[in-house]
Amino acid sequence: MELNSNISAVITGAASGLGAGTAKALAAKGVKVGILDVNEELGAKTAAEIGGTFARCDVTDEASVDTALAAVRAAHGQERILINCAGIAIGKRLVRKDRETGAISHHDIASYTRVININLIGTFTMIAKCAAGMVTLDPTGPDNERGMIISTASVAAEDGQIGQVAYAASKGGVQSMTLPVARDLAKDGIRVAAILPGLFHTPMFDGLPDEAKDALAASVPFPSRLGTPAEYAQLALSICENVMLNGVNIRLDGAVRLAPR
């Protein structure tokens, strides 16, 4: 797909982090970018910086998704690109024993469900809604392409750590959706891929002390540092531009493999 001013894109979780980095990179190519996020202040700021359109969107709420998509489509037209970056991470052991009382507790169901709802079901909701719009577009280029869908999984989908049961399950689901969705939409000229980032400097890391960040960076074989949103964006744009990339899950991780803890 040629990235230019005739193309419209929608990015969830685009107020900051990987989504914001990708929004900036697409806008630099002339693409009209719709920024969807629950953070209204930061989302509007990011949209203003790149000349895009912001719409508040809770990906766990179907009505919110419909309203947000209607808003950005009114401004930019039907999107040909969807990039799913909205997500959360939590760290909780499956079973814990209180050192003082000896009481046993388990991972609460509510927080597990919330992670699945945002990371996995939210991603699916966006895919379904955007794909339904993409199939109405005229095909473009020599391969009669209509659209591109990129989701964000994680290396935790393949080597999840202790405490990541909810996060790993949600991202494993995102990874597993890639091929069946790509096969489903192939007849319509819509490609599907997922990126599995390793240790990237996103807002999730902002609360960590410098020593912890340095230790995480040192665990990456090469380059021994945290990845950047710009590097995620570079891969996302390459996937959009290379028509033969379809039905794939790509690790972007500096060869890191997560230890058990």
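The values are calculated or read from the model by the stated rules, or taken from the named source; none is laboratory data. All figures in this text were calculated on a predicted structure; none of them were measured in a lab. Here the Cβ positions follow ideal geometry from the backbone for every residue, glycine too, while neighbour counts run over all protein chains shown.
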Consider Ala168 against the criteria (1) buried (at least 21 other Cβ atoms within 10 Å of the Cβ); (2) touching a residue at least 40 places away in the same chain (Cβ under 8 Å); (3) among the aliphatic types (A, V, I, L, M); (4) touching a Gly at 6+ places or on another chain (Cβ under 6 Å): it satisfies all of them except one. Which criterion is unmet?
(2)
Considering each of Gly51, Gly34, Gly91 in turn, give the residue that is over 18 Å from the mean Cα position of the chain (by Cα), under 25 Å from Ser154 (Cα atoms) and in contact (Cβ under 8 Å) with a residue 12 or more places away in the chain.
Gly91
Looking at segment 232-254, which of its residues are surrounded by 12 or more Cβ atoms within 10 Å (Cβ to Cβ), without any contact (Cβ under 8 Å) to a residue 60 or more places away in the chain and at negative phi?
Leu235, Asn242, Leu245, Ile250, Leu252
Which of (1) at negative phi; (2) in contact (Cβ under 8 Å) with a residue 60 or more places away in the chain; (3) surrounded by fewer than 18 Cβ atoms within 10 Å (Cβ to Cβ) is the odd one out, the single condition Leu82 does not satisfy?
(3)
Asp206 being within 22 Å of Met1 (Cβ to Cβ), of a type outside the set (Gly, Ala, Ser) and either modelled with pLDDT under 95 or exposed (fewer than 14 other Cβ atoms within 10 Å of the Cβ) (or both)
no
Mind checking whether some residue in segment 120-129 is farther than 22 Å from Ala186 by Cβ and surrounded by fewer than 18 Cβ atoms within 10 Å (Cβ to Cβ)?
yes
In segment 62-112, anything farther than 28 Å from Ile239 by Cβ and acidic (Asp, Glu) is listed as Asp98, Glu100, Asp108
Across segment 4-18, what is the total count of residues that are more than 15 Å from the chain's Cα centre (by Cα), touching a residue at least 24 places away in the same chain (Cβ under 8 Å) and in a loop (DSSP other than H, G, I, E, B)?
3
Quick one: in segment 175-196, of everything that is assigned to a strand (DSSP E or B) and within 16 Å of Ala153 (Cα to Cα), which residue is farthest from the chain's Cα centre (by Cα)?
Val192
